[in-house]
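Colleague: Shown below is the structure under consideration.
Please treat every number below as a calculation from the coordinates, not as lab data. All values derive from a computational prediction rather than experimental measurement. For neighbour counting, all protein chains shown are included, and Cβ atoms are generated from backbone atoms with ideal geometry for every residue, glycine included.
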Amino acid sequence: MPKEGNCKASDCDRQVVGKGYCRKHYRLWKAGEMPKPRYKTCTAEKCRKPRAHGSLCEEHFNAQRRTPPATAGSPAPAAPAPAAPAPAAPAASA
């Protein structure tokens, strides 16, 4: 049953259904497509997934963990030392 008043979305004068929105805008709000979404979303650009860790969704959090942070001015890691040659096998006596 519609509540009294008009939708709080800009340029919409339909009857309120829930959370101050009409049926159309309430559906968009639940999907996270309104300016003030239902859930806090990932802060990565154009990502509308719910936050999982801090301010990032699961996908962007895992991607950030896989890439090492870029630090300017730090020396490159030293190359590993060459492996020592294997000792020669003793000659077998007959």
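Colleague: Could you put Arg66, Arg51 in order, starting from the residue whose Cβ has the fewest other Cβ atoms within 10 Å?
Modeller: Going from least to most buried by this count: Arg66, Arg51.
Colleague: Using the beta-carbon distance between Asn6 and Ala44 and R0 = 35 Å, what value does 1/(1 + (r/R0)^6) give for FRET efficiency, to the nearest 0.05?
Modeller: Details: r = 35 Å, r/R0 = 0.99.
Between Asn6 and Ala44 the formula returns 0.50.
Colleague: Starting with the fewest neighbours, write out Leu56, Leu28 ranked by other beta-carbon atoms found within 10 Å of each beta-carbon.
Modeller: Leu28, Leu56
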